[in-house]
1. Does segment 23-30 contain at least one residue that is among the acidic types (Asp, Glu), open to solvent by 60 Å² or more (accessible area, probe 1.4 Å) and more than 24 Å from ALA353 (Cβ to Cβ)?
2. Please determine, by comparing only the residues of segment 269-316 that are more than 13 Å from the ligand (Cβ to nearest atom) and of a type in the set (Gly, Ala, Ser), which one is nearest to LEU68 (Cα to Cα).
3. Count, please, the residues in segment 122-144 that happen to be of a type in the set (Lys, Arg) and either at pLDDT below 95 or in a loop (DSSP other than H, G, I, E, B) (or both).
4. Cβ-Cβ under 7 Å, sequence separation 6+ or interchain: first residue in segment 270-286 and on the phi > 0 side of the Ramachandran plot, partner at pLDDT 95 or above and within 16 Å of the ligand (Cβ to nearest atom). Which pairs?
5. Please give the strands (runs of 3 or more DSSP E) falling wholly within segment 1-107 in which 3 or more residues are over 30 Å from GLN237 (Cβ atoms).
6. Quick one: which helices (runs of 4 or more DSSP H) sit completely within segment 177-263 and have at least 3 residues that are within 16 Å of the ligand (Cβ to nearest atom)?
7. Kindly evaluate GLU272 against the criterion of being closer than 30 Å to LYS32 by Cα, part of a loop (DSSP other than H, G, I, E, B) and among the acidic types (Asp, Glu).
Amino acid sequence: MKIAVLPGDGIGTEIVAQAMKVLDVLKKDGMKIETEEAAIGGAGYDTAGDPLPESTLALAKASDAVLLGAVGGPRYDKLDRPLRPERGLLRIRKELNLFANLRPALLYPELASASTLKPEVVAGLDIMIVRELTGDVYFGQPRGIEVRVDENGKGERVGFNTMVYSESEVRRVAHVGFGIAMKRGKKLCSVEKANVLECSELWRDVVAEVAKDYPEVELSTMYVDNAAMQLVRNPKQFDVIVTGNIFGDILSDEASMLSGSIGMLPSASLDENNKGMYEPIHGSAPDIAGKNLANPLATILSVSMMFKYTFGDQATADRIDNAVKKVIAKGYRTGDIWTEGCEKVSCGQMGDAVVAAM
Ligand code: NAD
């Protein structure tokens, strides 16, 4: 198992260091894991003048999986767009053809008070959102801003993008959604806007075709506006949601906030062969960087997802997940999830606690 480790910027180095402790435990237990570190984002710009240095991309391509911390920071905000850290991230996703983005929204019962919703609505929440990541209105052509002149000769600027999905693009992400539903509660909700958009009409047709391969999975469809409402009204009705790039972008952020802390949520982005990039959903948190305050659990849980989805090793994934559950149950909390009566720990101490619980 070759893992490219890209800590990135800000708290990225601190949280990835904790995930490495988890990998070290597994290595000591005899697993054949090889890790190699490289620079990305601002760190890539600093060392090679490029947010995705050639050598980093080559390493990522040669590895089975990529573990990423976070990129970005105020120091880089004034750079030309192509040199900004976030460009490195977008490019590596595209270069590795990571078309399926998996974002769990999971809430440990002990952390239910961290959510802005009533504890009884969210306690025990466990949803998986599968978002298509390389198509849709974000990449569709034509796109642009141009001056258009009306019949009276009056011109004004018009901005336009194209929502487009091919059958094959929908089919491959639908298979990912059904495959994950098979391993979970066997319920899949396909979210689109087929009452208004032809692109969504095709999406709905193709998902229904793919469903024939998964007779055990109960398929439902929902319009995106209703899904946005249902996610806050009764989120526990969902098991797996599969949706396009723009709808998934919005719904997955909404779902992540149901669980209160951004420091708890991992993500995976997969290609056709289950090669993946694994990263916490949060950014580089410049406000707490370098202070040993960050919550490393989202990154550690990203390692768990790596074992589940890329290495097909459910037992190791469970071992990591259970260790995280144990430290939460014991009352260890970094500042972002701390409440009265719990023990406040640093980023490093949280990593050590997970290792001890393993
Ligand atoms: P952010 O996620 O970095 O931080 C938002 C808030 O959440 C901050 O108060 C931060 O302290 C807190 N937070 C985030 N992760 C935490 C953790 N693990 N533990 C405790 N608290 C945590 O978002 P932002 O402030 O909007 O962006 C900061 C930088 O990160 C920007 O440069 C942005 O472009 C970049 N960014 C990168 C990614 C990524 O690498 N995938 C994602 C989002 C933002």
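1. No; the residues of segment 23-30 include none that is among the acidic types (Asp, Glu), open to solvent by 60 Å² or more (accessible area, probe 1.4 Å) and more than 24 Å from ALA353 (Cβ to Cβ).
2. The residue in question is GLY276.
3. Final tally of qualifying residues: 1.
4. ALA285/GLY10; ALA285/ILE11; ALA285/ALA294
5. Filter on segment 1-107 gives 2-8, 34-37, 65-70.
6. 245-258
7. The answer is yes for GLU272.
Residues are listed down the side, and each one gets a yes or a no for (1) surrounded by fewer than 14 Cβ atoms within 10 Å (Cβ to Cβ); (2) under 24 Å from GLU254 (Cα atoms); (3) more than 14 Å from the ligand (Cβ to nearest atom); (4) in the same structural domain as VAL176 (by TED's automatic domain parsing):
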position: VAL5; (1), (2), (3), (4): no, no, yes, no
position: ASP9; (1), (2), (3), (4): no, no, no, no
position: LEU57; (1), (2), (3), (4): no, no, yes, no
position: GLU110; (1), (2), (3), (4): no, yes, yes, yes
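The values are calculated or read from the model by the stated rules, or taken from the named source; none is laboratory data. Computed from a predicted model, the values in this text were never measured in an experiment. Backbone-built Cβ (ideal geometry, glycine too); neighbour counts: all protein chains shown. In case anyone asks, the SASA skips ligands and DNA or RNA and just uses the protein heavy atoms, side chains included. Shrake-Rupley method; radii C 1.70, N 1.55, O 1.52, S 1.80 Å.
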